[in-house]
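Structure first, then comments.
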Amino acid sequence: MVKLWDFLCSFSKKLQQSDIIRVFSLTALSTLVKMLTGFISVKVVAIVIGPSGIALLGQLNNFSSIIMNIASLGINQGVTKFVSEHKEEDSIKIYISTAFRFVILGSLGCGIILILFHRFWSRVIMLSEAYDYVFIIFGFTVCLYAINNLFLSILNGYKAFKKYVFISMVSAILGAFFSIVLVLSFGLKGALISTVTFQSVMLFVTLQMLRKLPWFSWEYFKHKYNIVVGRKYMGYSLMTLVSVALVPVSQLILRGHIIVHISEIEAGWWEAMNRISGMYLMVITTSFSIYYLPRLAEINDIKELRKEIFKAYKMIIPILLVGFSFVYFTRFLIIRILFTPDFILMENLFIWQLIGDFFKIVSWLLAFLMLAKAMTKTFVITEIFGGVLYIVLAFILMNFNGIVGIVQAYVINYIIYFFIMIYIFRNIIFLKKPQQGALSN
């Protein structure tokens, strides 16, 4: 008992002294605010539009996630990396200006395509032309979202953690208020419009918060497009666009199959499970983007990389085990608080979702190296393999276990992905005498 107490005290001190845990603490506060506002929003939406409405909203959420990343041409993580590396150099203005031109071009192109083909998108994504107005509105607002994300990526590259988190909290509160007002006023129509507009509205909040920062001036955005820097960003474009497209596309395919061949109700249960998962994973994924990616990007010594990765595992795995156990044992309470009695049968999805999320996070601790070190070819191949494998497994297992089969496929997919990451980075993980050098494809 004494040894256990000593171990817990020692582990607690290490947590308090760890940089990644400090960032976790900041993002945990932000995530708490996001979760509370998210809980309220989800509850209101669930009551007003029900499981079938939640399923339609899930279709639009997945599509908007794809478009919003295409609008920025997928360079945001590259912006964070390069700003982190060059923030003390004169070349930083070239990196920021080139990124700005990327985003303007991508977002205007996306907006035009959304507006011109609004009926097509409504028919393909929402399975009806009755929602074409949503895509017209989206086309006019997507540029604002893309610019907002660029500003936040630059802020992240400068490691202004506190301001980044504060903006996130304010945006979450205002976004929830915006969404709830629209849902209560216009029902499903309001929920759909909110999905494609609220993140764009947040640009005005960001502008107010950044106005006094040294880099937030036209001097940093006015330079011409630089071909060399542009090529560097294009590698990140490919990696990010492949990554952000695969999950929403796979969910669009699978949810459409459930709606047509099983039921809209069960599609709503699965979407509700995805939303819960997204809420509790938010603190981890945000911390990865704020601390872990810039940290890995600035380390070129393999021994130091190995040390950073193992430190992250030692800190995060115990937190995951405790947190996920809590979520599982309180699943009925979570469903009752967030949703309605119509969703209670989704409780049998929790165990599989939690196992899958565990392997997802422990895989990402290694997979982020591919982003940090611009391992474009390796990243793209593994992402496509994982996305295709997930869809294939889901269709096979759905024939036996319905929507539970989809979540079981999620588990198997990320277990396989985890072992692929171990194989790719075996020289870092198992090297007894690490040598100095950088990673490459």
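The values are calculated or read from the model by the stated rules, or taken from the named source; none is laboratory data. Everything numeric in this text was worked out from a predicted model, so none of it was measured. Counting neighbours? That spans all protein chains shown, and the Cβs are built from the backbone with ideal geometry, glycine included. Just the protein is used for accessible areas: all its heavy atoms, side chains included, with ligands, DNA and RNA removed. Shrake-Rupley method; radii C 1.70, N 1.55, O 1.52, S 1.80 Å.
List of remarks:
- At an R0 of 45 angstrom, the distance between the Cβ atoms of Leu345 and Ser91 translates into a FRET efficiency of 0.20.
- Inter-part distance where segment 294-314 and segment 189-223 are each reduced to a Cα centre, Å: 32 Å
- Treating r as the C-beta distance of Asp301 and Arg211 and R0 as 41 Å, the FRET efficiency rounds to 0.60.
- Were the residues from Ile429 through Tyr133 laid out at 0.36 nm apart, the gain over their Cα-Cα distance would be 101.4 nm.
- The helix-only estimate of mean residue ellipticity at 222 nm for the chain, built from DSSP H runs of length n ≥ 4 each weighted as -39500 (n - 2.57), is -28500 deg cm²/dmol after division by the residue total.
- Once the 1.4 Å probe is applied to the protein heavy atoms, segment 110-185 comes out at 45 Å² accessible per residue.
- For the listed peptides 345-351, 77-83, 418-424, a ranking on the average number of other beta carbons within 10 Å per residue, highest first, reads 77-83, 345-351, 418-424.
- Segment 300-441 shape via C-alpha gyration tensor axes, a/c threshold 1.5: oblate
- Cα-based shape type of segment 46-96, given that a ≥ b ≥ c are square roots of the gyration tensor eigenvalues and the cut on a/c is 1.5: prolate
- Spacing of the two label points (7 Å from each Cα toward its C-beta) at Ile40 and Ser185, in nm: 1.7 nm
- Between segment 136-157 and segment 62-80, the C-alpha centres lie 9 angstrom from each other.
- Full extension of the chain between Arg231 and Ile422 gives 65.9 nm of extra length, using 0.36 nm per residue less the Cα-Cα distance.
- Label-point separation, Thr330 to His223 (7 Å along Cα→Cβ), nm: 4.9 nm
- Anisotropy class of segment 107-236 from Cα gyration tensor, a/c 1.5 cut: oblate
- Span-rule helices in the chain, defined as complete DSSP H runs reaching 27 Å or more along the axis (Cα) with Kyte mean at least -0.5: 19-71, 92-116, 132-157, 161-186, 227-261, 264-287, 302-329, 350-372, 376-401, 403-424
- Computed E for Lys314/Ile253 - FRET, C-beta separation, R0 45 angstrom, nearest 0.05: 0.75
- Flagged links, alpha-carbon separation over 32 Å, of Lys222/Lys307; Lys159/Lys222; Lys93/Lys163; Lys162/Lys189; Lys224/Lys311; Lys159/Lys303: Lys222/Lys307; Lys162/Lys189; Lys224/Lys311
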